[in-house]
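Student: Sharing a structure below in structure tokens format, with a few things to ask.
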Amino acid sequence: MEDRTAPDSAPADAELSWQETALCAQTGPELFFPEPGSSTREAKFLCGMCEGRVACLEYALRHDERFGVWGGLSEQERYALKRRRAGRR
Ligand code: SF4
């Protein structure tokens with residue numbers, strides 16, 4: 001699992017400030033990067049309570065994160081959201 005609490009470059013600090021309150025950093029990676037076919041319900045529940053949810057989701061979309069739950073959405077849900085947004089342009 002990517003360490004969402006330890007940005008590795010200064011210029012990215014502002015973009016990654018949501019990681020300071022990331023609830024996923026307090027759990028194991030298995031919740032947010034489950035085996036295929038496993039439930040994402042608990043991860044999404046935590047995302048729903050996370051202060052940085054919107055920023056996290058936008059980060060994942062911008063960086064084309066392919067795996068895991070980010071900002072409360074699974075890979076498939078992020079892909080669908082990107083397609084919907086692209087369709088509005
Ligand atoms: S929204 Fe979810 S994945 Fe993103 S930082 Fe919060 S708990 Fe982690």
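Student: Run through segment 50-89 and list the GluC sites (Glu not before Pro) located in a DSSP loop whose Cβ has at most 12 other Cβ atoms within 10 Å.
Tutor: Answer in residue order: Glu51.
Student: Right, next: Assuming 0.36 nm per residue, please report the length gained on full extension of the stretch Arg66 to Glu30 beyond their Cα-Cα distance.
Tutor: Details: separation 36, 0.36 × 36 = 12.96 nm, distance 1.56 nm.
Result: 11.4 nm gained on full extension.
Student: At 7 Å along Cα-to-Cβ for each site, give me the label-to-label distance between Ala14 and Ser38 in nm.
Tutor: Placing both labels 7 Å along Cα→Cβ, they lie 3.7 nm apart.
Read the figures in this text as sums done on the coordinates, not as results from a lab. Remember, it's a predicted structure, so these values are computed and weren't measured experimentally. A quick note on method: Cβ atoms are made from the backbone with ideal geometry, for glycine too, and the neighbour counts reach across all protein chains shown.
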